[in-house]
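Undergrad: Provided herewith is a single structure, encoded as C-alpha cells, for subsequent inquiry.
Throughout, read-outs are computed from the coordinates displayed, never taken from laboratory work. Everything quoted here is computed from the prediction, not taken from an experiment. Glycine also receives a Cβ, built like all others from the backbone with ideal geometry; neighbour counts cover every protein chain displayed.
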Amino acid sequence: MNRFFKMSVMIATIIIVDQITKGIVQQRFYLGESIPVISNFFNLTYVRNPGAAFGMLAYAPDYIRTPLFFALPVIACFWLIYLVWSTRNKNFLHCLAYSLIFSGAVGNLIDRFSMNYVVDFFDFFIGTHHFAAFNVADSSITIAAIILIVDIVILSKKKEENATSSI
C-alpha cells in the first residue's frame, strides 16, 4: 500500500474523529458546561471559539475574519495536499506532519463554514491558570508542529554531525 493512501486514511480518520467528538460535546453539553475528568488538571468543557488559535481575533471585523478564517485556510489546504503528495516518497516525517496539519485544518474549517465558530472542549489547567481549550483537530496540528520541530532541530543536527564526521 502506498504512503499517500495510508496518509489519506489517517487524514479521513482524524477528521471523522474530530467531527464526532465535537458533535458529542454539542449534543450532551450545554455551552460553558465543564465536567472534571482529572481533578484540578483536566476538564471537558464546551467552548465556542469564533477566533483563531487561542481565541485570537475572535471579535475582529468581518473584513479581517473572512480572509483569515475562511479564504486563507482553504488555500493553505490545497498547498498542504501538494506537500503531502510531494513528500510521500521522500520524507516520511514531513509527509506525516503535513497530513496532520491538513487533517486539523479541515476539521476546524468544517466548523467555521457550518457554524462560524470552532467547537473546543479539552480544558487543561493548573489551579486557576487555564490553557486555551482545544479539540482533536488542534491536537493534530500541534503534534505536526512537534514532529516538524523535532525533525528540523534534532534530526537535521544529527545529519550535519554525520556529514562533518565523514569529512
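Undergrad: Give the residue that is surrounded by the most Cβ atoms within 10 Å (Cβ to Cβ), with candidates limited to residues of the stretch 17-45 that are closer than 20 Å to Tyr117 by Cβ and among the aliphatic types (A, V, I, L, M).
TA: The qualifying residue surrounded by the most Cβ atoms within 10 Å (Cβ to Cβ) is Val25.
Undergrad: So Arg88 ticks every box in (1) within 30 Å of Lys159 (Cα to Cα); (2) surrounded by fewer than 19 Cβ atoms within 10 Å (Cβ to Cβ); (3) charged (D, E, K, R) but one. Which box is left unticked?
TA: Result: Arg88 passes all but (2).
Undergrad: Return the only residue of Leu72, Leu93, Leu155, Leu100 being buried (at least 17 other Cβ atoms within 10 Å of the Cβ), aliphatic (A, V, I, L, M) and in a helix (DSSP H, G or I).
TA: The conditions single out Leu100.
Undergrad: Only one of Val47, Val118, Val74 is out of contact with any Lys or Arg (no Cβ under 6 Å at 6 or more places or on another chain), closer than 27 Å to Ile152 by Cα, touching a residue at least 12 places away in the same chain (Cβ under 8 Å) and not acidic (Asp, Glu); which?
TA: Val74
Undergrad: Sticking with this one: Among the residues of the stretch 58-69, how many are part of a helix (DSSP H, G or I) and either among the aromatic types (Phe, Trp, Tyr) or in contact (Cβ under 8 Å) with a residue 24 or more places away in the chain (or both)?
TA: Counting residues in the stretch 58-69 that are part of a helix (DSSP H, G or I) and either among the aromatic types (Phe, Trp, Tyr) or in contact (Cβ under 8 Å) with a residue 24 or more places away in the chain (or both) gives 2.
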